[in-house]
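What follows draws every value from the coordinates through simple rules; no lab data is involved. Since the structure is predicted, the reported quantities are computational estimates derived from the model, not experimental observations. Heads up, the Cβs are rebuilt from the backbone with ideal geometry, glycines too, and the neighbour counts pull from every protein chain shown.
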């Protein structure tokens, strides 16, 4: 079925969003410079978001990367706890944006919502982006941030033994990679929360062919992202870029995957869920029908985004309670 014919799979609300985007006539991402694309994404990031929840605790600070670069992070918590209260469970979150755009600011509303729905703290990591910082800098930053945050957990009022990792799109890739690195380092994680993660070395699946044009995440944009992120062609095969290429997924943290039906990344997310299950990993999979990539940040108009917020919060609560 062609991409045009597959428009019929969209919900009315999702179709309306795409029509509004087309009427806006914005320049396609791949026609912009990275700086222009960063600014454009930041300007539109919260247009369709739900209102930002007030958080009892909101802190900005930094943790060191391996090269001593101070990685900015933002901590959200739904409640203030006294010094003698049990520390909060928490989620380390990596934003999406093709390793080239996005920031904790563009995912601020989402992180507030996850914190509220899960009753946990969320720490959003501002890892370095391409093209100034190519692969594997984002991977190193994500892993370095996770380790530094776990080490700092007691003084932050966080429970070092009840931590999850998560992210959307490229951030989902980073979360999946961190889950594998955590397993190898003996760092137990309660959950890996993967939202339409990039998992494959090549973008040639049926969903890439069917939804690569006219469904928010365009094939041209994917090529633009990876052209800025990857320095050498053979880096596509590195499992830290393509977790499906990891030689062994056994004993990694339980996974909760959220996929959008009308998304180029749909099929590789399914394959990763299948591979995790085949390796004996507990996997919960939610497929949100009739919506596209980025739908989780459209809660003002897309009901499935609101359902995602509740579902993700429930998944985190259940993982922390085990």
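Could you tell me how many degrees, from 0 to 90 and to the nearest 10, lie between the Cα long axis of helix 303-321 and the main elongation axis, the longest principal axis, of the Cα atoms of the chain?
Roughly 30 degrees, rounded to the nearest 10.
If you average the sequence gap of Cα pairs under 8 Å that are 6 or more apart and divide by the length of segment 81-141, what percent do you get for the contact order?
The value is 38 percent.
What nm distance separates the two modelled labels at residue 236 and residue 161, each placed 7 Å from Cα along Cα→Cβ?
4.5 nm
Using a Förster distance of 41 Å, how high is the FRET efficiency between residue 68 and residue 278, based on the Cβ-Cβ distance and rounded to 0.05?
0.55
With label points built 7 Å along Cα→Cβ from the Cα atoms of residue 56 and residue 33, find their separation and express it in nm.
It works out to 4.6 nm between the two label points.
Can you give me the angle between helix 170-185 and the longest principal axis of the chain, using Cα atoms only, in degrees from 0 to 90, rounded to the nearest 10?
40 degrees
For segment 231-318, just say rounded, prolate or oblate: build the C-alpha gyration tensor, square-root its eigenvalues into a ≥ b ≥ c, call rounded for a/c under 1.5, and beyond that prolate if a/b exceeds b/c, oblate if not.
The shape class here is oblate.
If R₀ is 30 angstrom, what is the calculated FRET efficiency for the pair residue 19 and residue 306, using the beta carbon separation as r and rounding to 0.05?
Taking R0 as 30 Å, the efficiency between residue 19 and residue 306 is 0.90.
Which order do the peptides 186-195, 8-17 take when ranked by the mean count of other beta-carbon atoms within 10 Å per residue, highest first?
Final packing ranking: 186-195, 8-17.
Please report how far the C-alpha centroid of segment 244-303 lies from that of segment 198-242, rounded to the nearest whole angstrom.
16 Å
Find the centroid of the Cα atoms in segment 110-151 and in segment 37-88, then give the distance between the two in whole Å.
Between the Cα centres of segment 110-151 and segment 37-88 lies a distance of 9 Å.
Taking Cα pairs under 8 Å and at least six residues apart, what relative contact order does segment 5-321 come out at, in percent?
For segment 5-321, the relative contact order is 20 percent.
Between (1) 99, 40, 32; (2) 58, 42, 34; (3) 58, 42, 38, which matches Cα extents along the principal axes in Å calculated for the structure shown?
It is the one labelled (3).
Sort 124-136, 151-163 for me by packing, meaning the mean count of neighbouring Cβ atoms within 10 Å per residue, highest on top.
Final packing ranking: 124-136, 151-163.
Just for the chain, what percent of DSSP beta bridges are antiparallel, to the closest 5?
Counting only bridges with both partners in the chain, antiparallel ones make up about 30 percent.
Could you work out how far helix 34-44 tilts from the main Cα principal axis of the chain, as a 0 to 90 degree angle to the nearest 10?
Roughly 80 degrees, rounded to the nearest 10.
Using a Förster radius of 56 Å, what is the FRET efficiency between residue 213 and residue 318 based on their Cβ-Cβ separation? Nearest 0.05, please.
Between residue 213 and residue 318 the formula returns 0.90.
Does segment 98-213 come out rounded, prolate or oblate, given a ≥ b ≥ c as the square roots of the eigenvalues of its C-alpha gyration tensor, rounded meaning a/c under 1.5 and, failing that, prolate meaning a/b above b/c?
Prolate is the answer for segment 98-213, as a/c is 1.5 or above and a/b outweighs b/c.
Kindly rank 304-314, 93-103, 274-284 from highest to lowest mean number of other beta carbons found within 10 Å of each residue.
93-103, 304-314, 274-284
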